[in-house]
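Here's the structure, in structure tokens; my notes come after.
Only the coordinates and a few stated rules stand behind these numbers; no lab work does. These numbers come from a predicted model, not from an experiment. Please note: Cβ atoms are built from the backbone with ideal geometry, for glycine as well, and neighbour counts cover all protein chains shown.
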Amino acid sequence: MTPPAGGRGGGAAVGLFLAGLFLGGALGVAYRPAGVQGPAAPPTAAAPAPPGSDGGSGTVWAVDLVRTLPDMAGAYRASIEANWASARALAVERGTVVSYRALTVPEDGPDLGPWNLVLMTEYADEAAHAAREATFDSIFASPAFVFRAPAHPSADMRAFAAGDVVLRTLVEGPAR
């Protein structure tokens, strides 16, 4: 496989907690059944368990918490824009990815310790997440994907604080 579709294994409960705080609740607090647009209905006492909580078909988020290495933030961000985002845009066209986000802490923002960049990919469902390696292998091999060689190897530009953390959607506000 060429560029990695996911990240590295690992844990960072504190990082995820802080990510939830600094990202306005974007991590682990969104719930939308597959194929449903707009806000989810508010839960009621008699509401069934949300899809995904019992292996159902709700969306699944894969999150990487990344620390750009000294003097490499600009080069790594350019690589994210050139390759990571373009591969996910093609996955959106194929229907396996619902949305994706690359979020960064402003240079004058708080020091969050082990990470300063968050890569988030929302997969259509558990099956799309499970098939992500094959999906991205196919995208990287397709003529629609144009790999743009980064200024430096990715491993020289970043370190993973936690990679391929899987989150299921719980609650979601209205779509913009």
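Tabulated results
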quantity: Tail beyond 17 Å, pair distance distribution of the range 48-176 (Cα, percent); calculated: 63
quantity: Estimated FRET transfer efficiency when R0 is 45 angstrom, pair Asp111-Ala144 (beta carbons, to 0.05); calculated: 0.70
quantity: Charge dipole of the range 86-125 about the Cα centre (unit charges at C-beta), most positive-ward option of Gly95, Asn116, Val105; calculated: Gly95
quantity: Potential lengthening between Glu133 and Ala151 on full extension [0.36 nm per residue; Cα-Cα distance subtracted]; calculated: 4.0 nm
